[in-house]
Structures are given as C-alpha cells and as structure tokens.
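First up is the structure itself, then whatever we jot down about it.
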Amino acid sequence: MKLPPLRRTRLDSIDSNASVQGMATLTIRNLPEDVRDQLRREAAEHRRSMEEEARQTLAERYRKRLSPKEIIRRLHRLNSDSSSGRRTKMPASESLIASRRIEALYDDGLISRVEKASWDERIGECRVSLAEIERFAAGKRNWPVKRS
C-alpha cells in the first residue's frame, strides 16, 4: 500500500502562535538593533519589561479611539442623564476640568487635603461652577481672572 505524498503547508505565524484564552502572540523577527535599543531604553524608563513595553506601545497605537463627535455625543448624553432628576450646575466636561484644577492645586501644595476633599465633594454634588473653581485657583496662584 502506497502512502500519499506529504504536503508542506506554510503556517501563518500569527495563527500558529494564537493563545488558548483569546490573546494573540506575535513573534517579530529581524527587528533593527536601533529599534530594539530604543524599546529597551523606554522599557527601563517605564520600569517594564521589553515585552510589556512593546505590548503597551502597540495597544496604545491600535486601541479603538472615540471620534470627537462620539465624545461630544457621550458627554451630552451624560449631561442629560440625571439620576436625581435635577439639572446639574455644570456639564461633565467642566466637572472633569474643575476636578483637575483642584487636584493641581493640591499637588502643588496650595491647598490642604481637607480643602481638596471639600472642593471634590462640592464638585461631585454640583454645588459649584467651573467659573467659581477658576476664580479660586487664580486667587491661589495669583493669576489674573478672565472675565466672561
């Protein structure tokens, strides 16, 4: 009995390295030395392995990003959704900016932890406007306040 001839099949490296749990494995050959060296330096700066640095870099580059229109649409939806039924004093985007302003003041040592907690609570409960936060921050930093 004669056996059929063996067929050689080329395997795609991505298919052959696929993981059982759905995470793909990628093998990169012939990576230029200067690219490898840069990856090694950046991994060391971020205190990560080269593999983790490559993973993070690729994920950041190719992760699905929202379009500006989608971000605006979602912010409008968040602003219109109100669990308590009352209208908020500031939109979600301004609330984020206000929180960042207070966080920066705290990080720079211009307000105490207690003051930060108080401002965070007021922002969370919509008892303050972004303009009030801006005036407060300008006073702490001795910046001129923009009049609107």
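Within the range 45-73, residues that are assigned to a loop (DSSP other than H, G, I, E, B) reach partners that are open to solvent by less than 70 Å² (accessible area, probe 1.4 Å) and among the small types (Gly, Ala, Ser) with beta carbons closer than 7 Å, at six or more positions or on different chains, in the pairs 49/43. Among the residues of the range 28-55, those that are under 18 Å from the mean Cα position of the chain (by Cα) and open to solvent by less than 70 Å² (accessible area, probe 1.4 Å) comprise 52, 53, 54. Residue check: is residue 75 under 20 Å from the mean Cα position of the chain (by Cα) and under 17 Å from residue 93 (Cβ atoms)? Yes; evaluated as a whole, the condition is true for this residue. Do the conditions hold for residue 148, that is, is it surrounded by fewer than 16 Cβ atoms within 10 Å (Cβ to Cβ), touching a helix residue (DSSP H, G or I) at 6+ places or on another chain (Cβ under 8 Å), among the polar types (S, T, N, Q) and at pLDDT below 80? Yes. Within the option set 66, 96, 75, being modelled with pLDDT under 80, within 30 Å of residue 132 (Cβ to Cβ), among the hydrophobic types (A, V, I, L, M, F, W, C) and surrounded by 10 or more Cβ atoms within 10 Å (Cβ to Cβ) holds for one residue only, 66. Selection of the range 99-128 for residues being surrounded by 14 or more Cβ atoms within 10 Å (Cβ to Cβ), assigned to a loop (DSSP other than H, G, I, E, B) and under 25 Å from the mean Cα position of the chain (by Cα) yields only 126.
Of all the criteria given as (1) at positive phi; (2) modelled with pLDDT of 85 or more; (3) surrounded by 10 or more Cβ atoms within 10 Å (Cβ to Cβ), the one not satisfied by residue 58 is (1).
The values are calculated or read from the model by the stated rules, or taken from the named source; none is laboratory data. Everything numeric here is computed off the predicted structure, so don't read it as measured data. Heads up, the Cβs are rebuilt from the backbone with ideal geometry, glycines too, and the neighbour counts pull from every protein chain shown. These accessible areas exclude ligands, DNA and RNA; they are computed on the full protein's heavy atoms, side chains included. Shrake-Rupley method; radii C 1.70, N 1.55, O 1.52, S 1.80 Å.
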